[in-house]
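The values are calculated or read from the model by the stated rules, or taken from the named source; none is laboratory data. Source: prediction; values computed, not measured. Don't worry about glycine lacking a Cβ; one is built from the backbone with ideal geometry, like all the others, and counts go over all protein chains shown. Remember, those area values only see protein heavy atoms, side chains included, never the ligands or the DNA or RNA. Shrake-Rupley method; radii C 1.70, N 1.55, O 1.52, S 1.80 Å.
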Amino acid sequence: MNNYFSSTNKQLPVLALIIGNSRLHWGLFIDKNLYTTGDISHLPISVIHQLAAYPTLDNWLTAISLPSDLPIAPDHPIPVILASVVPSQTAFWQNYPHLCLLTLADVPLQEMYPTLGIDRALAVWGAGITWGFPALVIDAGTALTFTGANAQKSLVGGAILPGLGLQFASLGQKTGQLPLLETGLISSLPPRFAMNTSRAIQSGIIYTLLAGIKDFIDHWLLLFPESKIIITGGDSDFLQKHLENQFPEIGNRLILEKNLIFLGMREVVIVNY
């Protein structure tokens, strides 16, 4: 493991950053415990350069809206653990001092393939260490992914498809007359056979997605009947709620954990450095 975290300098707190496809997720660890989390838009390069020049708490307070009542001195240097799935964004952070840039080589999961996303590797490792292997992770973010690992802590594999919001956006942006819908405005399941265009889009996407998730879970449980199944990501609340309503035998098995990737980062770096 590179840099600051493999040195003898073991200062805390530590800020963990996850650069996702559409958002920057952050988690602040104090004394190896996850203290607070949040997410924002990707930071402009000018802000990143300023943080690199002055990597202290007071600058981070402004940059990502950290709570102002933290038990940390304002001039305390903030080391950063970074996991990114956006290479262009990763490059902006290379000059940040006290940076730990995570790669697949840092995750002890066996049988990983070279293009596996670091977010997926960290999530399934965090799930397995927290709840036990085998484990299946469903990450309901911009992309919806399935990632599974067996009892030997080896990657079994997974699948990737457009997430809920991306499916709505594709119809709204790539068709001439269909409206652009937002998942945050959907409070209840639509009728399956809808009588207006907006509800028809909701019906087609949501019911197909729920049925697809159930199919993947059913197949996984044939392979690993005692496996834990963890759901995470921005749409995880919505999907878990409606999976419980539509398929209670499946939905009730799901463990909802929004901070799953941070749990993986903690196990890979913070607990062991």
Please report the Cα spread of region 1-134 along all three principal axes, rounded to whole Å, starting with the longest. 42, 31, 28
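Can you give the extra length, in nm with one decimal, that the chain gains between residue 196 and residue 103 once fully stretched, where that is 0.36 nm per residue apart less the Cα-Cα distance?
28.8 nm
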What do you get for the angle between helix 164-174 and the principal long axis of the chain? Use alpha-carbon atoms, 0 to 90 degrees, nearest ten. 70
Provide the solvent-accessible area of residue 112, counting protein heavy atoms only and rolling a 1.4 Å probe, rounded to the nearest 10 Å². 50
With all protein chains present and a 1.4 Å probe, the order of 69, 237 from largest accessible area down is 69, 237
Taking region 106-259, how many lysine pairs are there with alpha carbons less than 24 Å apart, if each pair must be eight or more places apart or span two chains? 9
Helix 236-246 versus the longest principal axis of the chain: what is the Cα-based angle in degrees, 0 to 90, to the nearest 10? 30
Sorted by chain and number, the residues with a modelled amide H under 5 Å from that of residue 42, at a separation of 5 or more or across chains, are 24
Tell me the angle of helix 197-223 to the major Cα principal axis of the chain, expressed in degrees between 0 and 90 and rounded to the nearest ten. 70
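Regarding region 106-259, what is the average projected area of its C-alpha convex hull, in nm²?
9.5
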With θ set to phi - 60°, apply the Karplus curve 6.51 cos²θ - 1.76 cosθ + 1.60 along region 40-46 and write out the HN-Hα couplings as whole Hz, x wherever there is a Gly or Pro. 9, 5, 3, 6, x, 4, 5
Which percent of the accessible heavy-atom area of region 140-246 goes to carbon and sulfur, probe 1.4 angstrom? 55
Using amide H atoms built 1.01 Å from N in the peptide plane, name the residues 5+ places from residue 154, or on other chains, whose amide H lies under 5 Å from its own. 110
The chain, dipole about Cα centre (Lys/Arg Cβ +1, Asp/Glu Cβ -1), debye to the nearest 20: 340
